[in-house]
Structure formats: structure tokens, C-alpha cells
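K.L.:
Attaching a single structure in C-alpha cells format; questions to follow.
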Amino acid sequence: MSKFYEIFSVKDKRVLITGAANGNGRALSKAFSEADSDIFLVDVDKHNLDSLVEEIKVHKNINVQSAAFDLSNSEELSDFLKKNTHFDVVINNAGITRGNHILDYEDFDWDLTYKVNLLAPYKIIKKVSKKMSERKSGSIINITSLAAEVGFPENPAYVAFKGALKQLTKAAALDLSSSGIRVNSIGPGYFKTNMTAKSWKDKTLREERSNRMMLSRWGEPSDLIGIAIFLASDASSYVTGQDFYIDGGWLAKGL
């Protein structure tokens with residue numbers, strides 16, 4: 001008799017992770033490698049991406065591939081997707097933030113945030129889901145944010161496109177449901193990553209953020225592993241179109 005926890009297995013699944021080289025993406029990449037998935041890692045940061053691949057190869061004898069390119073570059077993304085579409089799991093983790101007050105916000109920053117945070121996931125979903133449809137199986141996981149639910153100050157593009165990615169998740173989940181493909185989102189709260197380094201280093205802001213959470217602590221990249229493995233595995237075979245906020249209780253906290 002098979003053991004119940006085998007439904008959480010992602011062994012031999014082919015997993016694409018964008019924004020893989022740093023922070024949450026790096027933690028997810030290591031986790032799926034430890035779980036014996038065949039991983040394909042994408043990031044614009046070639047140095048850290050190469051070091052991650054070497055680190056994984058030292059510890060695990062698995063199939064790991066990588067590609068260093070800019071997701072905001074439509075030609076580079078198209079070239080990648082022409083050659084790489086056969087995935088069982090896709091984690092659209094890559095994202096950027098360009099902060100400024102809406103009255104001073106630059107069109108360039110708006111356009112760049114759109115290309116990385118929304119357009120690239122859309123194009124990846126559209127292309128990869130065609131192959132998934134042939135197998136009537138697949139899991140797509142979009143990494144959103146608390147900003148998909150609530151307004152954050154001086155960051156209109158990030159808030160707008162994370163909210164849009166949440167809704168794209170639902171639209172894609174419905175359109176792809178007849179093809180056996182599940183689409184869900186994970187919204188991290190305040191995690192200790194390069195993106196939040198400024199707030200973390202400011203003692204006042206760090207304490208304000210911590211006090212806003214029920215668990216009174218910032219998230220670690222490793223805190224995303226459980227939900228990602230769950231959504232990638234057969235354990236979540238009846239789960240689609242859902243948003244999972246891993247935020248230490250931020251959104252649910254009242255007084």
C-alpha cells in the first residue's frame with residue numbers, strides 16, 4: 001500500500017522557476033532539487049544563477065538546467081519559449097519593484113514592471129500550457145504579493161501588476177481547467193529578501209512590519225516551500241484558481 005505522503009511527491013517532475021537566483025526563488029529552487037525534481041532555473045542574474053546551479057549539483061545528482069536572460073526582453077523570452085515548453089510545473093516567481101509616488105512615477109518604471117511582473121508570466125502561461133494540455137496535466141503557480149490585495153504607498157506599478165497577476169491566475173485557471181491544468185497563486189507577506197532589504201535595515205520600519213503580523217516575525221524564504229510543494233504535487237489535485245497568502249497573518253489581523 002502506498003504511503004499517504006507520496007501524494008506530496010514532486011520527484012521527476014519537470015519544474016520551471018523564474019527569478020530563481022536569489023531570495024524566495026533560490027529557496028524554492030533548492031527545495032525542488034532536494035525533492036528530486038528536474039528543474040529549469042531562469043534569472044537575469046547570471047552570476048548568482050551559475051553559483052546556485054553549481055551548489056545544487058554538488059549536493060544532488062539531478063537534472064538541473066538554467067538560462068540567464070532578461071524577462072522584460074520579449075525577444076529573449078520568445079527565444080527561450082521556442083525551445084523550452086515541456087514542463088509539469090511552472091513557478092512564475094520573478095518580479096521587480098520600482099518605488100516612487102504616483103505623481104512622480106516614471107513611465108519607464110511602469111513599463112518595465114509591467115513586462116516582468118505581468119506580461120512575462122502571461123506569455124509563459126500561454127506557451128507552456130499548450131504542451132501541458134496535450135498531457136491533460138500541469139500546475140502553474142504565480143507568485144503575487146500582499147500588494148495584490150491592499151494598497152502600498154509609493155509603488156503604483158508593483159501594486160497594479162501584482163493585483164493583475166492575481167486576476168490572471170483566476171482567468172487562466174478557468175480557461176485551462178478543461179485541459180487538466182491547475183493555476184494558483186502564492187502571495188508572500190514581508191519576507192527577508194533583497195527586495196525588502198531597505199525596510200529590514202530600518203529598525204523602526206522592521207518593528208512596524210513585525211507588529212502588523214499575527215506571528216510577529218518576518219517570513220524566511222523557506223516559509224514558502226511547503227505551499228509550493230503542495231501546489232506542485234498531486235496533493236492539490238482539486239485545488240485551482242485559489243490565492244494563498246503566506247503572510248504571518250498580516251491580511252487577517254484586525255485590532
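The values are calculated or read from the model by the stated rules, or taken from the named source; none is laboratory data. Note that this is a predicted model, so its numbers are computed, not measured. Counting neighbours? That spans all protein chains shown, and the Cβs are built from the backbone with ideal geometry, glycine included. Only protein heavy atoms, including side chains, enter the accessible area calculation; ligands, DNA and RNA are left aside. Shrake-Rupley method; radii C 1.70, N 1.55, O 1.52, S 1.80 Å.
K.L.:
What whole-number value in Å² describes the accessible area per residue of the chain for a 1.4 Å probe?
P.N.:
51
K.L.:
Same structure, new question: Carbon and sulfur: what percent of the chain's accessible surface (1.4 Å probe)?
P.N.:
C and S atoms contribute 51 percent here.
K.L.:
If you don't mind, there's one more thing I want to ask. From the protein chains alone at 1.4 Å, what is the descending order of accessible area for Phe230, Phe4, largest first?
P.N.:
On the way: Phe230 50, Phe4 160 Å².
My answer, sorted largest first, is Phe4, Phe230.
K.L.:
Using the Cα atoms of region 87-129, I'd like the radius of gyration and the largest Cα-Cα distance, Dmax, both in angstrom.
P.N.:
Looking at region 87-129, its Cα Rg and Dmax stand at 13.1, 43 Å.
K.L.:
Enter the mean projected area of the convex hull around the alpha-carbon atoms of the chain, in nm², rounded to one decimal.
P.N.:
Result: a mean projected hull area of 15.0 nm².
K.L.:
Rounded to the nearest 0.05, what FRET efficiency do Ser137 and Asp79 give with R0 = 25 Å and r taken as the Cβ-Cβ distance? Could you check?
P.N.:
After rounding, the FRET efficiency stands at 0.45.
K.L.:
For region 140-224, what does the equivalent ellipsoid look like in terms of its semi-axes, each the square root of 5 times an eigenvalue of the Cα gyration tensor, given largest first in whole Å?
P.N.:
29, 14, 10
K.L.:
I would also like to ask the following. Can you tell me, using C-alpha contacts under 8 Å and at least 6 residues apart, the relative contact order of region 1-129 as a whole percent?
P.N.:
Normalised by residue count, the contact order of region 1-129 is 25 percent.
K.L.:
At 7 Å along Cα-to-Cβ for each site, give me the label-to-label distance between Asp50 and Asn63 in nm.
P.N.:
About 2.5 nm, to one decimal.
K.L.:
So which trypsin sites (Lys or Arg not before Pro) in region 46-150 are both in a DSSP loop and have at most 12 other Cβ atoms within 10 Å of their Cβ?
P.N.:
Filter output for region 46-150: Lys136.
K.L.:
Would you mind checking the pairs Lys46/Lys115; Lys46/Lys166; Lys60/Lys170; Lys83/Lys123; Lys198/Lys253 and listing those with alpha carbons more than 26 angstrom apart?
P.N.:
Check vs 26 Å cut-off fails for Lys46/Lys166; Lys60/Lys170.
K.L.:
In Å and on Cα atoms, what radius of gyration and Dmax does region 186-255 show?
P.N.:
13.9, 43
K.L.:
How big is region 8-65 by Rg and Dmax over its Cα atoms, in Å?
P.N.:
Spelled out, the Cα radius of gyration and Dmax of region 8-65 are 10.1, 32 Å.
K.L.:
Follow-up question, since we're still on this one. By what distance, in whole Å, do the Cα atoms of region 21-114 stretch along each of the three principal axes, largest value first?
P.N.:
51, 28, 23
K.L.:
Would you mind working out the magnitude of the charge dipole of region 112-255 relative to its Cα centre, with +1 at each Lys and Arg C-beta and -1 at each Asp and Glu C-beta, to the nearest 20 Debye?
P.N.:
420
K.L.:
Another question, if that's okay. So how far apart, in nm, are the two label points at Thr204 and Lys126 if each is 7 Å from Cα heading toward Cβ?
P.N.:
4.6
K.L.:
Report relative contact order for the chain in percent, whole number only (criteria: Cα-Cα under 8 Å, sequence separation at least 6). Display every interim value, and only then the final one.
P.N.:
Working: 477 pairs, mean separation 50.8, N = 255.
So the answer I get is 20 percent.
K.L.:
Checking the cross-link filter: which aspartates and glutamates have an alpha carbon closer than 16 Å to that of Lys11, excluding same-chain neighbours under 8 positions apart?
P.N.:
Within the straight-line limit of under 16 Å, Lys11 reaches these aspartates and glutamates: Glu34, Asp36, Asp38, Asp88, Asp234.
K.L.:
Follow-up question, since we're still on this one. Projecting each Cα onto the charge dipole of the chain (Lys/Arg +1, Asp/Glu -1 at the beta carbon, about the Cα centre), which of Ile7, Thr193, Tyr158 comes out farthest on the positive side?
P.N.:
Ile7
K.L.:
In debye, nearest 20: dipole of the chain around its Cα centre with unit charges on the Cβ of K, R (+) and D, E (-)?
P.N.:
That gives a dipole near 580 debye.
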